[in-house]
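Below you'll find the structure, written out as structure tokens, and then a few comments.
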Amino acid sequence: MDNTVTIDRNYSIARFAPDEAGLRQAAEEGFRSVVNFRTSEEKQEVTPEEERRIAEEAGLAYLHHPVSPDALDDALVDDFRRKMPELPQPVLLHCASGKRAGAMTLMALAADRGLDGEAALAMGRENGLDLTQEQIGRFVKDYADRKSGA
């Protein structure tokens, strides 16, 4: 799938919000789940409710876990971490640009693997997702440091 970043064999970040054709393509390419981090208030061509219907019709498990950059906190990330293992893999995760989806994925993986903030950001950079200059990147670093005890 074009314009995606593969973090590892189970998690890929879309740098866009997939439309109906994109969701069907994801299923055809072997993805088994889709996670949408966009809020219902964001302007979007496909609402979360429509996306759920399309994804499920295509055979994908679907999770809507809205993340607003202004309201990002440890509890929101921890809640996602609890849901993540329940998703059939591989998983395609998205927001509008990939920043929130990438941040949430990096934080979850870092916490589960015991990585500190620098290692979490490096995992993103090594795979084509550089959040080091983004405000959300600072939250990724701080969250991973808190969870790893760094």
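Remarks
- Between helix 135-148 and the chain there is an angle of about 60 degrees, using the helix long axis and the longest principal axis of the Cα atoms.
- Sites listed here are trypsin sites (Lys or Arg not before Pro) in the range 35-123 whose DSSP assignment is loop and whose Cβ has at most 12 other Cβ atoms within 10 Å: LYS43.
- Positive dipole terminus of the chain, leading residue within ALA119, ALA27, PRO66 (C-beta point charges): ALA119
- Taking the Cα centre of the chain as reference, the dipole from Cβ charges on Lys and Arg (+1) and Asp and Glu (-1) amounts to some 340 debye.
- Here the simple spin-label model places points 7 Å from the Cα toward Cβ, and for GLU134 and GLU20 these points are separated by 2.9 nm.
- In order along the range 87-98, phi translates into HN-Hα couplings of 7, x, 9, x, 10, 9, 10, 8, 9, 8, 10, x Hz, rounded to whole numbers, per the Karplus curve 6.51 cos²θ - 1.76 cosθ + 1.60 with θ = phi - 60° and x for Gly and Pro.
- Given 12 as the ceiling on other Cβ atoms within 10 Å, longest exposed-site-free region of the chain for GluC sites (Glu not before Pro) in DSSP loops: 46-150
- Amide N of the range 1-33 lying under 11 Å from the label point, which is placed 7 angstrom from the Cα of GLU126 along Cα→Cβ: 8
- Cross-link partners for LYS141 among the lysines, with Cα-Cα distance under 27 Å and sequence neighbours closer than 8 places in the same chain left out: LYS83, LYS99.
- Overall form of the range 1-60 per C-alpha gyration tensor (a/c, 1.5; a/b vs b/c): oblate
- Under Karplus coefficients 6.51, -1.76 and 1.60, residue-wise ³J(HN,Hα) of the range 59-76 in Hz, glycine/proline x: x, 9, 6, 9, 10, 9, 10, x, 10, 9, x, 6, 10, 5, 8, 4, 4, 5
- Label zone at GLU86, where the point sits 7 Å out along the Cα-to-Cβ direction: the range 47-74 residues whose backbone N lies under 16 Å: 61-66
Coordinate-derived values only; no laboratory data. None of these values were measured; they are calculated from a predicted model. Ideal geometry is used to build each Cβ from the backbone, glycine not excepted, and the neighbour counts take in all protein chains shown.
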